[in-house]
Amino acid sequence: MERPRHQGMAKNTYMRWRLPLVCLLWEVAMIVLFGVFVRFSPEADAHWEEEKREMNLTSDIENDFYFRYPSFQDVHVMIFVGFGFLMTFLKRYGFGAVGFNFLLAAFGIQWALLMQGWFHSFKNGKILIGVENLINADFCVGSVCIAFGAILGKTSPIQLLIMTLFQVTLFSVNEYILLNLLHIKDAGGSMTIHTFGAYFGLTVTRILYRPNLEQSKDKQGSVYHSDLFAMIGTLYLWMYWPSFNSAISDHGDAQHRAAINTYCSLAACVLTTMAFSSMLQKKGKLDMVHIQNATLAGGVAVGTSAEMMLTPYGSLIVGFICGIVSTVGYVYLTPFLESRLHIQDTCGIHNLHAMPGLIGGIVGAITAAAATEDVYGKEGFIKAFDFTGTYRTRTPSVQGGFQAAGIMVSLLMAFAGGAVVGAILKLPIWGDPAAENCFEDDIYWEVPEDEESDVYHMHNPDKPASP
Amino acid sequence: MERPRHQGMAKNTYMRWRLPLVCLLWEVAMIVLFGVFVRFSPEADAHWEEEKREMNLTSDIENDFYFRYPSFQDVHVMIFVGFGFLMTFLKRYGFGAVGFNFLLAAFGIQWALLMQGWFHSFKNGKILIGVENLINADFCVGSVCIAFGAILGKTSPIQLLIMTLFQVTLFSVNEYILLNLLHIKDAGGSMTIHTFGAYFGLTVTRILYRPNLEQSKDKQGSVYHSDLFAMIGTLYLWMYWPSFNSAISDHGDAQHRAAINTYCSLAACVLTTMAFSSMLQKKGKLDMVHIQNATLAGGVAVGTSAEMMLTPYGSLIVGFICGIVSTVGYVYLTPFLESRLHIQDTCGIHNLHAMPGLIGGIVGAITAAAATEDVYGKEGFIKAFDFTGTYRTRTPSVQGGFQAAGIMVSLLMAFAGGAVVGAILKLPIWGDPAAENCFEDDIYWEVPEDEESDVYHMHNPDKPASP
Amino acid sequence: MERPRHQGMAKNTYMRWRLPLVCLLWEVAMIVLFGVFVRFSPEADAHWEEEKREMNLTSDIENDFYFRYPSFQDVHVMIFVGFGFLMTFLKRYGFGAVGFNFLLAAFGIQWALLMQGWFHSFKNGKILIGVENLINADFCVGSVCIAFGAILGKTSPIQLLIMTLFQVTLFSVNEYILLNLLHIKDAGGSMTIHTFGAYFGLTVTRILYRPNLEQSKDKQGSVYHSDLFAMIGTLYLWMYWPSFNSAISDHGDAQHRAAINTYCSLAACVLTTMAFSSMLQKKGKLDMVHIQNATLAGGVAVGTSAEMMLTPYGSLIVGFICGIVSTVGYVYLTPFLESRLHIQDTCGIHNLHAMPGLIGGIVGAITAAAATEDVYGKEGFIKAFDFTGTYRTRTPSVQGGFQAAGIMVSLLMAFAGGAVVGAILKLPIWGDPAAENCFEDDIYWEVPEDEESDVYHMHNPDKPASP
């Protein structure tokens, strides 16, 4: 009962040897590198009892695991269910959305543990990992999931793995420059994750521009139930974003504050998204695309400042603005980017991550520049911005300047890196689909029969239903 | 390719200016009020280091954040995914169920932070918020989500926002009377959340009675996959209910106990629900409506007593009874309420929240009245019921009496408040749908085209595709 | 508009009196037994204040609740949403998958609290339960959910309840032998949960062999959206598996380490699953069955060793191997087991739980045998393997031998128990479906009317229903 291959065979999308080869070789490389470099951090090592005494800890509960593990699990859900299901909105690309996101993230977290480990957790020739490394690896992969949103439906799994390899590498370099060299704060990643990830992805999709993409236009929309699946992704991202922005903040008040600020910003964002979604449509009806995406912009935009004394009303203001910016972006900017700049952005990451990410970087710079000892307390001020050691004398306004510089560095890395990686992905050897086969699971997945006999007709209206 | 507008245009359901206006104005009001009133609690403020010393805390782990944040996130999931998806069972109201729930909850939590803040966290002219406030705001909104269940599919988003505004206000007043004036215990909200929310919603739907609702009867059922989406909501409510009932209990044994009691009650409830679902149907088949809803009644009914020494077997008994009561309610009471009392209760909240909520209040009163120093220990007894200060001399039986009074107050507030709010919502200016357009996303949402024509063919292969 | 009953009525699948009777009687039995035996553990009892002083604890945060509750909730989600939705892949058995899993797990956790309580938490005639007992009860039920996977679609709810009753009993005996008599480590249950549960289920399905099952072959596949529902189950199992394997490990480093090892193993497993899924299919396309299942094998296979010093690269190796073994199993072994050994394994639990479980047991034995004081530290070594009291003098290699013995005991219990329970379930009085009615919700559930005809009319009222 072989289903007729109706996809154009102009391109060779045969994955049988290429995909397994990449997966297996890279995984073997991971094993070797982990074998040489990766060990447990003292808090996860069986020597913990001795460590505890050395650190003068009286209880196991002070192991970092108990400060961060619940947030880690929330972040984990955001990466795999959140991003994965958010992208299932396409009527016939659900397997690719969830499945390829699963694949690239599973590879990406391993490579990120290594890359970030070399930069941040390297001691005596070994990378020592604990729960914070797991969170950071998930964060790093988050930026790849974002970029995936721009090229969703138009690339082969091999291209995604190659992009992941490079993007994780560049992410780690950029992160090192920002956090270590510029000594800036970005706990929720407005700059490192969102700005970088989004502009990287947009550059890649620009370079992979497909002039004939309207050939698969009928598949680029949603169906009723695919929109509901996507709402699962949206809600998990929305609900767990307070954990995302607070996951690697300092113990105590910083984690607490970051969660509250994010909660507030996201709540405000929902209202302005709804308002503008209705306002910008002639019939005043709400558009699921906006609800699924723009409601999240508030979380992106407090990624830098959530752990600072942004205050709840400051957060509301940021969320208020971002809901508007993001929704307006979906209505006016996305079509413009596609028609004029040839940027085909499947999920509209420019509206959800790029612009709110920039806003987040700017809000962070301003919030940092406005910090005073009065507001933070003497100790809190030093702790919040790590004004110790070499940075003992740095002032808030200088910090604000460095924060702003961080935005620029992230943009540069994204454009330059995206251009190079886009060029690599353009090579005709990675098995990407032809234009008429984009947004279609059938190319890379065994799709169940039945049902389709009819779904099939749907996409081939020229063929008779009962032959 | 404009889809024909086939809905009756007897009513003006055009949202374009009204909905944005309400959303934007109210959000601006929130920003102003937050700006004037809301600040961080000491545990979320950058002055925490000093606070820690003052409170003689030795570790950041004693920040309330680490006691409550995991429960907060579970509660958050219950409100947005739990309630949201539970209501997606209708075949063509999934966008409205998840989307409007999202909208009203996002607004409600902000207003609840203010209202509850003025009553409970007001110090020196400021509302100081921490993680416990976030949980309480979610709780408050939970009561609105419950009321939404009664009017699901029959109201405009503006009506829902107006109901939220008033219901949150009344909830906070009622909660203040119960917790502060009557000094009663209700950590899981059997009275404040469920009894109040459900009878409020039932009163509203009674006042909004639609005599011609049978015109949209064909849309009031489920389809196969919508029932599965609803099970996502059910399971998340069921699984996380132990977190709900323990989220704001005292640190230590009270949170621990509340989780165990709720776990037990819910487990028992599933078995009696299944039993009666099969028993009350002629063919002995199970009904998804019961499984989706009545299985949760056990969580509602230990909302007051879970943190008390209800004991695991006491919890099983409560769950046992509530599974029966709730399922019987769906089979016999809901039709009766609709035909005789003109109460059109879309989700059957009378069975899931109203009756179990009342039972929960009563069980709480009895459990409190039966408390002894022997069972609780001398210190535990005082701590469990806060028998300190003015209440130093209150006895368990008096406490039981006050608990019972709390039920009555909640009922009164619900009926009176629901009547007033129902009357306001009846005004013909809020854009509610005509009877024949109820339970239909098409009125307020852009619904994706296609699919259906083909889904139709799929299951009716004998029918020609193009008639 | 009664849907025609097309199922054969050769078998009596009428549940109306049998199912309620079993549910109600058993729940009453639970209440009585809980009343006689179950009380709160000291950490959940109102006497906690006194307990705290006795144990020299200075803060409520040292209550076991705060060490384990977040993991408990993750495990809870795995059992109810993870297993429940994983099994919704069948096109017309979604209600049965989620609903029966809900029923059997809700009963099973109660019975497990008792059985495991008698063996492990029995003091002065009472079973004292706390959060760790809840986790263990969920674990125990996990093994029943696994066995359910083998017989999915082919049994009545009564058979499932009977199987649950016996399997929980046998699980607890086997667990007691392994943990207490053999003194072995198995925190994530490679042996007690997976090996035992899977071979038990495979034995049961062998005994219930249905020679005419091809009569319902058309219903044994998936449809597009049922595969997406199943991915919800997959991802929640995958994401929360680190919580599963660390939930009952020792406080501190052991929990921390178990989470890291599991995270690594699962990540590697995804890559080899994808590789072999593509490689073993002629057209090189990925198969959802593999992605849904084999990606999880890495979690199963570090169930014993995750809390040991397996190291991250050791975990990667285990995950690498198990992704391959499991995927190859789906392609070659499952058909072989069915055609030659008459083992009809609906979900392929042999590939996901049986083989990886065995591997997990073996890896655990090797890791234990290889333990040295050098790697673990003097204290860590003793703590990790509980080499205290009677076991003071046990050496790692002896421990490795006992671990291996644990695998054999689990296998024996599974085969013997499965045979007996299979024979009981074969009795013709439990209402199982005829072969042509397997994998069909219609037998035991009220299934909503056909979707399609109505959805169709609803949106195209102008078109006639039957042209």
Query raised in the report: If you roll a 1.4 Å probe over the protein assembly as shown with all protein chains in place, what percent of the accessible area is carbon or sulfur?
Result: 64 percent
Requested in this report: Distance between Cα centroids, the stretch A:176-211 to the stretch C:249-277: provide it in whole Å.
Outcome: 28 Å
Query - Solvent-accessible area buried by B and A, counting both chains, probe 1.4 angstrom, square angstrom - result: 7200 Å²
Query raised in the report: Taking H as built 1.01 Å from N, whose amide H comes closer than 5 Å to the amide H of C:Leu286, not counting residues under 5 places away?
Result: A:Trp445, A:Glu446
Report summary line: Filtering chain A for DSSP H helices with an axial alpha carbon extent of at least 30 Å and a Kyte-Doolittle mean of at least -1.0 returns A:94-120, A:131-151, A:224-246, A:253-279, A:396-426
Query raised in the report: From the residues A:Gly233, A:Leu271, A:Asn245, which one has its Cα farthest along the dipole of chain A in the positive direction, the dipole being from +1 and -1 charges on Cβ of Lys/Arg and Asp/Glu about the Cα centre?
Result: A:Leu271
Query raised in the report: Under unit Cβ charges (Lys, Arg +1; Asp, Glu -1), what dipole magnitude, rounded to 20 debye, does chain B have relative to its Cα centre?
Result: 1320 debye
Query raised in the report: What are the ³J(HN,Hα) values, in whole Hz, obtained from phi via the Karplus relation 6.51 cos²θ - 1.76 cosθ + 1.60 with θ = phi - 60°, for each residue of the stretch A:297-304 in sequence order, with x given for Gly and Pro?
Result: 4, x, x, 4, 7, 10, x, 7
Requested in this report: Scan around A:Ile129 for amide H atoms under 5 Å from its own, H built in the peptide plane at 1.01 Å from N, and keep only partners 5 or more places away or cross-chain.
Outcome: A:Arg39, A:Phe40, A:Ser41
Report summary line: Inter-part gap, Cα centre of the stretch C:413-427 to Cα centre of the stretch B:328-388, in whole angstrom, is 43 Å
Query raised in the report: Principal axis lengths of the stretch B:70-426 from Cα atoms, whole Å, largest first?
Result: 60, 49, 37
Query raised in the report: Does the stretch A:34-102 come out rounded, prolate or oblate, given a ≥ b ≥ c as the square roots of the eigenvalues of its C-alpha gyration tensor, rounded meaning a/c under 1.5 and, failing that, prolate meaning a/b above b/c?
Result: oblate
Report task. Kindly work out what percent of the DSSP beta bridges joining two residues of the protein assembly as shown are antiparallel, to the nearest 5. Result -> 35 percent
Query raised in the report: For C:Lys219, which lysines qualify as cross-link partners when the Cα separation must be under 18 Å and same-chain residues fewer than eight apart are set aside?
Result: C:Lys91, C:Lys154
Requested in this report: Go through C:167-174, A:424-431 and give me the packing order, highest mean Cβ count within 10 Å leading.
Outcome: C:167-174, A:424-431
Query raised in the report: Once the other residues with Cβ under 10 Å from the Cβ of C:Gln255 are scored (Lys, Arg +1; Asp, Glu -1), what is the net sum?
Result: -2
Query raised in the report: the stretch A:183-228: D in µm²/s via Stokes-Einstein (Kirkwood Rh, Cα pairs, 37 °C, 0.692 mPa s)?
Result: 239 µm²/s
Report summary line: P(r) of the stretch C:205-271 over all Cα-Cα pairs, 5 Å bins starting at 0, rounded to whole percent, reads 4, 14, 14, 13, 11, 12, 12, 10, 6, 3, 1
Query raised in the report: Cα convex hull of the stretch C:209-360: how many Å³ per residue?
Result: 110 Å³
**Report entry** Per-selection metrics, the stretch C:124-234 (Cα): Rg and Dmax in Å
**Finding:** 16.9, 56
Query raised in the report: Spin-label point model (7 Å from Cα, Cβ direction): what's the A:Asp218 to B:Lys123 distance in nm?
Result: 6.5 nm
Report task. Take every residue in peptide B:365-376, count the Cβ atoms of other chains within 10 Å of its Cβ, and give the average of those counts. Result -> 1
Report summary line: Filtering chymotrypsin sites (Phe, Trp or Tyr not before Pro) in the stretch C:16-116 by DSSP loop and by at most 10 other Cβ atoms within 10 Å leaves none
Query raised in the report: Over the Cα atoms of the stretch A:67-162, how large are the radius of gyration and the largest Cα-Cα distance (Dmax), in Å?
Result: 14.4, 51
**Report entry** the protein assembly as shown - Debye-derived log10 I(q)/I(0), Cα point model, q = 0.04, 0.05, 0.07 Å⁻¹
**Finding:** -0.20, -0.33, -0.68
Report summary line: Given pairs C:Lys52/C:Lys378; A:Lys11/C:Lys285; A:Lys283/B:Lys426 and cut-off 26 Å on Cα-Cα distance, the over-length ones are C:Lys52/C:Lys378
Requested in this report: Specify whether the C-alpha gyration tensor of the stretch B:62-111 places it in the rounded, prolate or oblate class, a ≥ b ≥ c being the square roots of the eigenvalues: rounded for a/c under 1.5, otherwise prolate if a/b is larger than b/c and oblate if not.
Outcome: oblate
Query raised in the report: trypsin sites (Lys or Arg not before Pro), restricted to the stretch B:338-423: which are DSSP loop and have at most 14 other Cβ atoms within 10 Å?
Result: B:Arg392
Query raised in the report: Volume per residue, Å³, of the convex hull around the alpha-carbon atoms of the stretch A:292-376?
Result: 80 Å³
Query raised in the report: Which value, in Å², gives the accessible area per residue of the stretch A:70-426 when a 1.4 Å probe is used on the protein heavy atoms?
Result: 24 Å²
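The values are calculated or read from the model by the stated rules, or taken from the named source; none is laboratory data. Treat the numbers as computed from the prediction; the structure is a model and nothing was measured. Backbone-built Cβ (ideal geometry, glycine too); neighbour counts: all protein chains shown. Keep in mind that these areas ignore ligands, DNA and RNA; they rest on the heavy atoms of the full protein, side chains included. Shrake-Rupley method; radii C 1.70, N 1.55, O 1.52, S 1.80 Å.
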